[in-house]
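Notes for the one structure printed next.
The values are calculated or read from the model by the stated rules, or taken from the named source; none is laboratory data. Predicted, not measured: the structure shown is a model, and the values here were computed from it. Don't worry about glycine lacking a Cβ; one is built from the backbone with ideal geometry, like all the others, and counts go over all protein chains shown.
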Amino acid sequence: MDWRPISADSHITEPPNCYVDNIDPAFRERAPRIVNKEGLGDTFVVEGMRSPVPMGLVAAAGIPPKDLRMGGAKFEDLHRSGWDPKGRLADQDKDGVAAEIIYPTVGMMICNHPDFDYKKACFDAYNRWLQQYCSLDPDRLVGMGQTAMRSVQEGVADLERIKAMGFKGVMMPGNPAEKDYDDPAYDPFWEAAVALDLPLSWHILTSSGDNQLSKPRGPKINGFLAIIRGCQDIMGMLVFSGVFERHPKLKVVCVEADAGWAPHFAYRMDHAYKRHRYWMKGKELARLPSEYFRDNISLTFQDDWTAFQFADRLGPNQLMWANDFPHSDSTWPWSQDVIKEQTGHLDPVLRKRILRDNVKELYKLAA
């Protein structure tokens, strides 16, 4: 094989100085920082958020399942490549990947912060740090900037700044400060994303009420199944509210929410539209919901056998494989084994599209 996969969803591990050194001075005393807590080990403490972020699972790639623990980790024992770009390139080679789309870790949780001014300051600080991290090799370390979405006008300014910083896309918070994303007030923002050629991403665990791990029904492991639902809700909202009808060139990414569910989800949207849109006051659309879902939404996944099985039921450009390094759900350093096991039945052209071409084309990568 003369090409290597590109991961459409990987992460950094924010170092202790990420926010403290780069945040607006007015917020420096309140900036997120690492604190060692008894029983939890090193954690990122974020003022205004009830629970700290234990570092154990956020950098547990490669650890056997029986040894996974939420707490007890020391930052210096984590994968150095989470914050050291030189080490990151070596870990990419170890996993056999050509490049990675880089998302935050602590920044995912900050998406749910109730104080939007604080959130804005944190995201601006993170963007400054990430720009430095990716500068070592922008073709292989492809950063996604963050926006707090305090307002539509500021969101547009954030897009322009993120583009100028060299980032290839934007990670969105699940909940904006003003009206929800289905409101036509966001039309200038969608148009700015199109004009700047910036795909917009919604990642799991970035919507309020997203994380059911803390209070699941039944055993805690049942909550793991719920964490994809926030992304599904956002994708459905964008389709049914006509965002893609008004902005047909807008590209969005549903990140780390798996993809094997997508054929049924698209079918279910069409069923709801055909059968129930009149009494449920659904918007009249020029095309079926599944067509917008197919043409405007990309889906990333890591270990999802069903996504590969149903790949021919989706748009050829929709699926984008990822390794989720260095998180606990990562396929690193066994990605090549997982790929070999799950893609053997695929047509070589479609296989290459899912593992490389789709993400390369979406973000216009050189790797």
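Here are a few things to note about the model shown:
- The set of residues in the stretch 351-367 being surrounded by 17 or more Cβ atoms within 10 Å (Cβ to Cβ), at pLDDT 95 or above and either not in a helix (DSSP H, G or I) or not basic (K, R) (or both) consists of I354, L355, D357, N358, V359, L362, Y363, L365.
- Just so you know, in the stretch 95-107 the residues that are outside any loop (DSSP other than H, G, I, E, B) and under 20 Å from L365 (Cβ atoms) include one that is nearest to the chain's Cα centre (by Cα), and it is Y103.
- Number of residues in the stretch 250-283 that are surrounded by 13 or more Cβ atoms within 10 Å (Cβ to Cβ) and at positive phi: the value is 2.
- Within the stretch 193-200, the presence of a residue that is without any contact (Cβ under 8 Å) to a residue 60 or more places away in the chain and farther than 22 Å from A366 by Cα is excluded.
- Test: residue in the stretch 20-29 that is without any contact (Cβ under 8 Å) to a residue 40 or more places away in the chain and assigned to a loop (DSSP other than H, G, I, E, B): no
- Of the candidates L57, L136, the single residue that is modelled with pLDDT of 90 or more and either out of contact with any strand residue (DSSP E or B) (no Cβ under 8 Å at 6 or more places or on another chain) or under 18 Å from N22 (Cα atoms) (or both) is L136.
- Screening the candidates E14, E47 for the property of being crowded, with 22+ Cβ neighbours inside 10 Å, of a type in the set (D, E, K, R), touching a residue at least 24 places away in the same chain (Cβ under 8 Å) and in a loop (DSSP other than H, G, I, E, B) yields one hit, E14.
- In the stretch 108-151, the residues that are under 15 Å from the mean Cα position of the chain (by Cα) and assigned to a loop (DSSP other than H, G, I, E, B): C111, N112, T147, A148
- Contact map, the stretch 309-330: residues that are at positive phi paired with residues that are part of a loop (DSSP other than H, G, I, E, B), Cβ distance under 6 Å, separation 6+ or inter-chain. Pairs shown: D324/Q302; D324/S330.
Yes/no per residue for (1) surrounded by 13 or more Cβ atoms within 10 Å (Cβ to Cβ); (2) in a helix (DSSP H, G or I); (3) β-branched (V, I, T):
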site	(1), (2), (3)
V156	yes, yes, yes
I162	yes, yes, yes
V170	yes, no, yes
A177	yes, no, no
D182	yes, no, no
A193	yes, yes, no
S207	yes, no, no
K215	no, no, no
I221	no, yes, yes
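- Scan of the stretch 297-341 for residues that are out of contact with any His (no Cβ under 8 Å at 6 or more places or on another chain), among the hydrophobic types (A, V, I, L, M, F, W, C) and closer than 21 Å to P65 by Cα, ordered by number: F301, W305, A322, W332, W334, V338, I339
- Wholly enclosed helices (runs of 4 or more DSSP H) of the stretch 229-294 bearing at least 3 residues modelled with pLDDT of 95 or more and closer than 22 Å to D312 by Cβ: 229-240, 262-276
- Test for G87: is it of a type in the set (G, A, S), within 22 Å of W332 (Cα to Cα) and in a helix (DSSP H, G or I): yes
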